[in-house]
1. Evaluate E = 1/(1 + (r/R0)^6) for Val197 and Ala425, where r is the Cβ-Cβ distance and R0 equals 22 Å; express this FRET efficiency to the nearest 0.05.
2. So what's the convex hull volume per residue for the Cα atoms of region 239-339, in Å³?
3. Go through Cys436, Cys162 and list them by solvent-accessible area, largest first, probe radius 1.4 Å.
4. Rank-order 216-223, 144-151 by packing density, defined as the average count of other C-beta atoms within 10 Å over each peptide's residues, highest first.
5. Sorted by accessible area with a 1.4 angstrom probe, largest first, how do Ile59, Ile315 fall?
6. Hey, for a label at Glu434 modelled as a point 7 Å past Cα toward Cβ, could you say which residues of region 411-426 have their backbone N under 16 Å away?
7. Summing Lys, Arg as +1 and Asp, Glu as -1, what charge do residues with Cβ under 15 Å from the Cβ of Gln340 carry, Gln340 excluded?
8. Per-residue HN-Hα couplings for region 273-278, Karplus 6.51 cos²θ - 1.76 cosθ + 1.60 at θ = phi - 60°, whole Hz, x for Gly and Pro?
Amino acid sequence: MAVKFVFFFFLALLALNSNASDLCAAGSDGSGDLSVIPIYGKCSPFTAPKSESWVNTVIDMASKDPARIKYLSSLAAQKTVAAPIASGQHALNIGNYVVRVQLGTPGQAMYMVLDTSSDAAWAPCSGCSGCSATTFLAKNSSTFATLDCSKPQCSQARGLSCPTTGSVDCLFNQTYGGDSSFSATLVQDTLHLGSDVIPNFSFGCISSASGSSIPPQGLLGLGRGPLSLISQSTSLYSGLFSYCLPSFKSYYFSGSLKLGPVGQPKSIRTTPLLKNPHRPSLYYVNLTGISVGRVLVPIPPETLAFDPNTGAGTIIDSGTVITRFVYPVYTAVRDEFRKQVGGSFSPLGAFDTCFTTSNEMAAPGITFHLSGLDLKLPMENSLIHSSAGSLACLAMAAAPNNVNSVLNVIANLQQQNHRILFDIANSKLGIARELCN
């Protein structure tokens, strides 16, 4: 019996590795359906920092959150940002997920970061100063074209600029993530998403980059602006998409990005998707309250209120690692959580509420109350454990406490293993529990 068990266990391991290899080779499940890969997963070309557990990697990624929150707070409508560009190789310090796409004709494979709070797409192009080794080779694509300042796209995204006279290439300067910047030229080429083809897709062709947050192989913006993937593919996908993000520790597994109505869940709880004219790129939802265990936490209503005049409210974002609440909201939630757990607490990286795992049974569940639905977080979405396994931490934190701190952000660690559906045409956001493996 022992010999048979070992034999079948060996076969199971072979199947697991074979399936993982096949998944990496496929890169897509068909029309409008792409694999979403954790940045340091098996199918990703990027390597995690050496000698680090996945928990320490998440802590490192979460340390970038304050800069990202400030960046999100800066996204005022049509704000032009001019930033100096310096050469220098950047490090990979982004808490995100990537999808495999192909650019150009014939297609060149690129692993681009998904970002629901960015409007445009961009990719490092050959000759780029400060970019990674993998770049898009424009000269090898028969469908590549630059866009000059006479084109309407040159006025459709933050950071685009043209001189007052003359027909020259449309230039593209942006900051990203709070500590990085890049220069690019606005161009067009064919984008391949699985078996789907989007001709004349406009994106930034990066020529120079600096900082630690620029994704090495580019970014695919899923925001609401006119140059986002969703806006440029309205005829194909009808402004509808969803994703399921696997856990960061799911090394062998991928989630999925589903574009368009086909294959979306038939029955899913929804909440109104709000649009804030002060920050039109972002996906706002109406967070009305938070429960810790059975206690509805007393939170000042104005700290959760949606305010189109200031940009205040709650957004859902794929690029922030841990959920961040403005200080009064976070401290109220944290204090109630500590009260119910009891004992003593210590900090660990971005987390200020860590306790011994012997008290974990007392840890209460956390529920986000949204208009029309309650998002009850499983423990895997509300707690994170130290690499030694001796501590459990509340996987949330306060937003940077500064003059622009008006945003609450529901981040990707809290979204993991949920299907998040964005129905822009009908102004709805759907959430359903789903194992994203």
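1. Values: r = 22 Å, r/R0 = 1.02.
It comes out at approximately 0.50.
2. On the way: hull volume 15.3 nm³, N = 101.
It comes to 151 Å³ per residue, whole-number rounded.
3. Working: Cys436 5, Cys162 55 Å².
My answer, sorted largest first, is Cys162, Cys436.
4. Working: 216-223: 24.2, 144-151: 15.8.
Ranked from most to least packed, the peptides come out as 216-223, 144-151.
5. On the way: Ile59 25, Ile315 0 Å².
The most accessible residue leads, giving Ile59, Ile315.
6. Label zone hits: 415-424.
7. Working: positive: Arg294, Arg334, Arg338, Lys339; negative: Asp335, Glu336, Glu360.
Its environment carries a net charge of +1.
8. 9, 9, 10, 9, x, 6
The values are calculated or read from the model by the stated rules, or taken from the named source; none is laboratory data. Given the structure is predicted, the values throughout are model-derived calculations rather than measurements. FYI the Cβ positions are ideal-geometry reconstructions off the backbone, even for glycines, and counts take in every protein chain you see. Note: areas computed on protein heavy atoms with side chains; ligands, DNA, RNA excluded. Shrake-Rupley method; radii C 1.70, N 1.55, O 1.52, S 1.80 Å.
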